[in-house]
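A.B. asks: Please read through the structure below; I'll follow up with questions.
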Amino acid sequence: MKTVPGFSGKVTEDVLLAEHTTMGVGGPAPLLLEPSGAEDVKRVLRALNEIIVIGAGSNVLIGDAGVNAPVLKMVNGLKKESNTSSGSLKVGAGHRLPALVGAATEAGLSGLEWAVGVPGTVGGALVVNAGAFGSEIWEFVKTAEITLMNGETVTVAPDVVSWSYRAADFGVEKPYVITEVELGLLSGDRETIRGLIREYADRRKKTQPVGAASAGSFFKNPPDGEPAGKLVDDAGLKGVRCGGAVVSDVHANFIVNDGGARADEVYTLAEYVRRAVAERFAVELEYEVELIGPFNYLGDEAVESGRV
Ligand SMILES: Cc1cc2nc3c(=O)[nH]c(=O)nc-3n(C[C@H](O)[C@H](O)[C@H](O)COP(=O)(O)OP(=O)(O)OC[C@H]3O[C@@H](n4cnc5c(N)ncnc54)[C@H](O)[C@@H]3O)c2cc1C
């Protein structure tokens, strides 16, 4: 395997990506690189022709066959933070959103309370325009530092980024790596901020399978009509299972790994759900989770009905 000159982060050969995703599925990768800072990222991009970037792995489904390219994991070593008196909070892209909410609260800065139950990194959040309870991350971004494949770094601001529901287009070619993000927040009273955080956390606990191995909402809500979870529920699919993968009984838009699920089982269940919803309601559900394949459909006979 080609080495990266000067790289000072952690290097692991022959890793199982299941250990690096919240769903707990995903096959092997030849190399996992965990940069210790932005300089390391530049070194990696200059040295390698091909990489796969992940953050906390909380919005991806990686196939059982794994990947051939080295994986750059943007979590550890990219957590530095600083805040200014003008309400801006600058953080390394590897900061996880719940920790970011904690840092903002400590600094008396409000705006990100909605993100407390989102287990991804801030870098990953920018890529997918993560959001909840009526807010989205790009509403709060002032600038993002992005390193391109040639090692060059560009600073982008929201006015050049086209962002919409769970999507953001930076106008740069993939793969790119976000290394640092500056957020603009408002001064707020710490007790009020904590109250909002508690409220959002409670709402999640009541409506989502908190603590289960998942990738969050599996499908995007269609632009018109009912949300994805309601369509899946109304199609009678709660509790439907393929091996270790099951449609959550708590929230039908969550597919949960309840023990040793393979990626193909998750994929088969997801495709089965999509087809059932299309047949019943003529709605094509779009994946919110990013699929890094290939995947195999194991057949309808691999799917067992749950409560229906
Ligand atoms: C229990 C649970 C609840 C969730 N709730 C929500 C929710 O309410 N709202 C919501 O929007 N999402 C939610 N999610 C999904 C997920 O947490 C978010 O989408 C999160 O922002 C993804 O960040 P990540 O670091 O895990 O990205 P990953 O899943 O690792 O990667 C996602 C994409 O971002 C890219 N990427 C990651 N980091 C970088 C980087 N530094 N530079 C360039 N590209 C990068 C990857 O290449 C990939 O394309 C939930 C997930 C779980 C498990």
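The values are calculated or read from the model by the stated rules, or taken from the named source; none is laboratory data. This structure is a prediction, so every number in the text was calculated from the model and none was measured. We place every Cβ from the backbone using ideal geometry, glycine too, and count neighbours over all the protein chains shown.
A.B. asks: Which residues, counting only those in the range 168-198, are free of Cβ contacts under 8 Å to residues at least 60 places away in the same chain and outside any loop (DSSP other than H, G, I, E, B)?
C.D. replies: Those that are free of Cβ contacts under 8 Å to residues at least 60 places away in the same chain and outside any loop (DSSP other than H, G, I, E, B): A168, D169, E191, G195, R198.
A.B. asks: Hey, another quick one. Considering only residues of the range 229-253 that are touching an Asp or Glu at 6+ places or on another chain (Cβ under 8 Å) and buried (at least 22 other Cβ atoms within 10 Å of the Cβ), which is nearest to F133 (Cα to Cα)?
C.D. replies: To start, the set of residues in the range 229-253 that are touching an Asp or Glu at 6+ places or on another chain (Cβ under 8 Å) comprises 234, 238-246, 252.
Adding the requirement that they be buried (at least 22 other Cβ atoms within 10 Å of the Cβ) leaves 240, 242, 245-246, 252.
Working: V240: 27, C242: 31, A245: 27, V246: 25, A252: 18 Å.
Selected residue: A252.
A.B. asks: From the list V266, V240, V232, V210, which residue is touching a Lys or Arg at 6+ places or on another chain (Cβ under 9 Å), within 14 Å of the ligand (Cβ to nearest atom) and touching a residue at least 12 places away in the same chain (Cβ under 8 Å)? Talk me through it step by step, then tell me what you get.
C.D. replies: Working: V266 fails: touching a Lys or Arg at 6+ places or on another chain (Cβ under 9 Å); V240 fails: within 14 Å of the ligand (Cβ to nearest atom); V232 fails: within 14 Å of the ligand (Cβ to nearest atom).
Every option except V210 fails the conditions.
A.B. asks: Further question: Could you say which residue among V75, V91 is touching a residue at least 40 places away in the same chain (Cβ under 8 Å), in a loop (DSSP other than H, G, I, E, B) and under 22 Å from T147 (Cα atoms)?
C.D. replies: None of the other options fit; the residue is V75.
A.B. asks: How many residues does the range 269-293 contain that are touching a helix residue (DSSP H, G or I) at 6+ places or on another chain (Cβ under 7 Å), surrounded by 14 or more Cβ atoms within 10 Å (Cβ to Cβ) and more than 21 Å from G243 (Cα to Cα)?
C.D. replies: Final tally of qualifying residues: 3.
A.B. asks: From the list A132, A69, A103, exactly one residue is free of Cβ contacts under 8 Å to residues at least 60 places away in the same chain, out of contact with any His (no Cβ under 6 Å at 6 or more places or on another chain) and within 13 Å of the ligand (Cβ to nearest atom). Which is it? Please lay out each step first, then the result.
C.D. replies: Working: A132 fails: free of Cβ contacts under 8 Å to residues at least 60 places away in the same chain; A103 fails: within 13 Å of the ligand (Cβ to nearest atom).
Being free of Cβ contacts under 8 Å to residues at least 60 places away in the same chain, out of contact with any His (no Cβ under 6 Å at 6 or more places or on another chain) and within 13 Å of the ligand (Cβ to nearest atom) holds for just one of A132, A69, A103, which is A69.
A.B. asks: Might you check whether a residue that is crowded, with 20+ Cβ neighbours inside 10 Å, in contact with a Phe, Trp or Tyr (Cβ under 9 Å, 6 or more places away or on another chain) and in a strand (DSSP E or B) occurs anywhere in the range 205-215?
C.D. replies: No, the conditions are met nowhere in the range 205-215.
A.B. asks: Among I52, I62, which is the only one that is hydrophobic (A, V, I, L, M, F, W, C), within 8 Å of the ligand (Cβ to nearest atom) and not assigned by TED's automatic domain parsing to the domain that holds V177? Full working, then the answer.
C.D. replies: Numbers: I62 fails: within 8 Å of the ligand (Cβ to nearest atom).
Only one candidate passes the filter, namely I52.
A.B. asks: Give the range 1-32 a look and list any residue that's hydrophobic (A, V, I, L, M, F, W, C), in contact with a helix residue (DSSP H, G or I) (Cβ under 6 Å, 6 or more places away or on another chain) and either surrounded by fewer than 22 Cβ atoms within 10 Å (Cβ to Cβ) or not in a strand (DSSP E or B) (or both), or say none.
C.D. replies: At the first step, the residues of the range 1-32 found to be hydrophobic (A, V, I, L, M, F, W, C) are 1, 4, 7, 11, 15-18, 23, 25, 29, 31-32.
From the residues that got through so far, the ones that are in contact with a helix residue (DSSP H, G or I) (Cβ under 6 Å, 6 or more places away or on another chain) too are 4, 7, 25, 29.
Answer for the range 1-32, where residues must be hydrophobic (A, V, I, L, M, F, W, C), in contact with a helix residue (DSSP H, G or I) (Cβ under 6 Å, 6 or more places away or on another chain) and either surrounded by fewer than 22 Cβ atoms within 10 Å (Cβ to Cβ) or not in a strand (DSSP E or B) (or both): V4, F7, V25.
A.B. asks: Right, next: I'm checking my understanding of the structure. Among residues of the range 140-159 that are under 21 Å from S82 (Cβ atoms) and of a type outside the set (A, V, I, L, M), which one is nearest to the ligand (Cβ to nearest atom)?
C.D. replies: Filtering first and then ranking leaves T147.
A.B. asks: Considering every residue within the range 107-129, establish whether at least one is out of contact with any strand residue (DSSP E or B) (no Cβ under 9 Å at 6 or more places or on another chain), more than 30 Å from N221 (Cα to Cα), at pLDDT below 95 and surrounded by fewer than 19 Cβ atoms within 10 Å (Cβ to Cβ).
C.D. replies: No - not one qualifying residue is present in the range 107-129.
A.B. asks: Kindly provide the set of residues from the range 106-128 that are more than 8 Å from the ligand (Cβ to nearest atom) and either assigned to a strand (DSSP E or B) or at positive phi (or both), ordered by number.
C.D. replies: G108, L109, S110, G111
A.B. asks: Here's another thing I want to ask about it. Which numbered condition trips up Y165, out of (1) hydroxyl-bearing (S, T, Y); (2) closer than 23 Å to E113 by Cα; (3) out of contact with any Asp or Glu (no Cβ under 9 Å at 6 or more places or on another chain)?
C.D. replies: In the conditions (1) hydroxyl-bearing (S, T, Y); (2) closer than 23 Å to E113 by Cα; (3) out of contact with any Asp or Glu (no Cβ under 9 Å at 6 or more places or on another chain), Y165 misses (3) alone.
A.B. asks: Continuing with the same structure: Does the range 163-197 hold any residues that are small (G, A, S), over 23 Å from M74 (Cα atoms) and either in the same structural domain as V41 (by TED's automatic domain parsing) or under 22 Å from the mean Cα position of the chain (by Cα) (or both), and which are they?
C.D. replies: Taking the range 163-197 as the starting set, the residues that turn out to be small (G, A, S) are 164, 167-168, 171, 184, 187-188, 195.
Among the residues that remain, those that are also over 23 Å from M74 (Cα atoms) are: 164, 187-188, 195.
Within the range 163-197, S164 is the sole residue that qualifies.
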